[in-house]
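These notes concern the structure reproduced below.
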Amino acid sequence: MKEQKWSHEGLITESLPNGMFWVRLDNEDLILGYVSGRIRRSFISILPGDRVNFGVSHYDSTRGHIIYRLRNKDSND
């Protein structure tokens with residue numbers, strides 16, 4: 001049986017090597033997020049300041065997979 005993940009939204013604050021990022025949640029928690037394989041295969045660029053949707057495991061709430069980059073309302077993405 002596949003593990004269920006909590007889904008959150010957050011803001012990328014800092015870019016780290018190997019597709020890892022510091023993500024600040026809406027409740028001001030700071031979580032280490034890494035790019036999921038689907039985003040990596042699609043060559044979607046994620047930069048500091050982007051809003052993202054990501055999943056956090058029930059077992060380790062300090063890390064999570066970045067699942068989706070949300071579109072900014074003021075840009076023409």
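Could you order L70, L47 by accessible surface area, starting with the largest, using a probe radius of 1.4 Å?
L47, L70
How many Å² of accessible area per residue for the chain, probe 1.4 Å?
Result: 74 Å² per residue.
Quick one: with all protein chains in place, what share of the accessible area of the chain is carbon or sulfur, to the nearest percent (1.4 Å probe)?
51
Leaving ligands and nucleic acids out of the surface, order H65, H58 by accessible area at 1.4 Å, largest first.
I get H58, H65, largest accessible area first.
Given segment 6-69, what percent of its DSSP beta bridges are antiparallel, to the nearest 5?
Bridges in segment 6-69 that DSSP calls antiparallel: roughly 85 percent.
Write down Rg/Rh for the chain, rounded to two decimals, with Rg from the C-alpha atoms and Rh from the Kirkwood relation over Cα pairs. Show your work: numbers first, answer last.
On the way: Rg = 12.1 Å, Rh = 12.7 Å.
Here Rg/Rh amounts to 0.96.
Got a sec to turn the phi values of segment 58-69 into Karplus ³J(HN,Hα) couplings, 6.51 cos²θ - 1.76 cosθ + 1.60 with θ = phi - 60°, whole Hz, x for Gly and Pro?
5, 7, 9, 8, 9, 9, x, 8, 7, 9, 8, 9
For the chain, modelled as a GNM with alpha-carbon contacts under 10 angstrom, which of R41, R24, R63 fluctuates the most?
R41
Nearest 500 deg cm²/dmol is fine: what mean residue ellipticity at 222 nm does the chain get from its DSSP H runs of n ≥ 4 alone, each adding -39,500 (n - 2.57), divided by its residue count?
Details: 1 runs with 5 residues, N = 77.
Dividing the helical sum by the residues of the chain leaves -1000 deg cm²/dmol.
The values are calculated or read from the model by the stated rules, or taken from the named source; none is laboratory data. These numbers were taken from a predicted model, which means no experiment stands behind them. Note: accessible area is taken over every heavy atom of the protein model, side chains too, but ligands, DNA and RNA are not part of it. Shrake-Rupley method; radii C 1.70, N 1.55, O 1.52, S 1.80 Å.
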